[in-house]
Amino acid sequence: MKKNTIVKDMKKNTIVKECTFIGVQWDAAALETVQMVAQGLLNLTELFKSQNVKIESLLKVGADKED
C-alpha cells in the first residue's frame, strides 16, 4: 500500500496524490448536542402542529460577514 504523498513542484503548485479524504468527523459531545437540538425542534414542531400554529422558519443558519 502506498503512503499519502504531497509533492511541491518548481512552479509552486502542490500536488496531492493517493490520499483518502474522510470529511468532517464530530466528537461524541458535539453529536449529542446536535441530537438534543434536533429533538427539541421536533418537539416544538409537534406542539405547533397540535395548536394549528404555522411557522415558516424556526432556524436560520448563516455565516457572519465582517465589514
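Residues of segment 47-67 that are surrounded by 10 or more Cβ atoms within 10 Å (Cβ to Cβ) and either of a type outside the set (A, V, I, L, M) or on the phi > 0 side of the Ramachandran plot (or both): 48, 49. Hey, does segment 22-42 have a residue that's over 19 Å from the mean Cα position of the chain (by Cα), loosely packed, with under 10 Cβ neighbours inside 10 Å and not acidic (Asp, Glu)? Within segment 22-42 (the criterion being over 19 Å from the mean Cα position of the chain (by Cα), loosely packed, with under 10 Cβ neighbours inside 10 Å and not acidic (Asp, Glu)), the answer is no, since none of the residues qualifies. A search for C-beta distances below 8 Å between a residue of segment 39-64 that is touching a residue at least 12 places away in the same chain (Cβ under 8 Å) and any residue that is outside any helix (DSSP H, G or I), counting only pairs 6+ apart in sequence or on different chains, returns 41/58; 41/59; 44/58; 45/58. The residues of segment 5-17 that are loosely packed, with under 10 Cβ neighbours inside 10 Å, modelled with pLDDT of 70 or more and in contact with a strand residue (DSSP E or B) (Cβ under 7 Å, 6 or more places away or on another chain), listed by number, are 14, 15.
The values are calculated or read from the model by the stated rules, or taken from the named source; none is laboratory data. The structure displayed is predicted, hence computed values, not measured ones. When we count neighbours, we look across all protein chains shown, and the Cβ atoms used for this are built from the backbone with ideal geometry, even at glycine.
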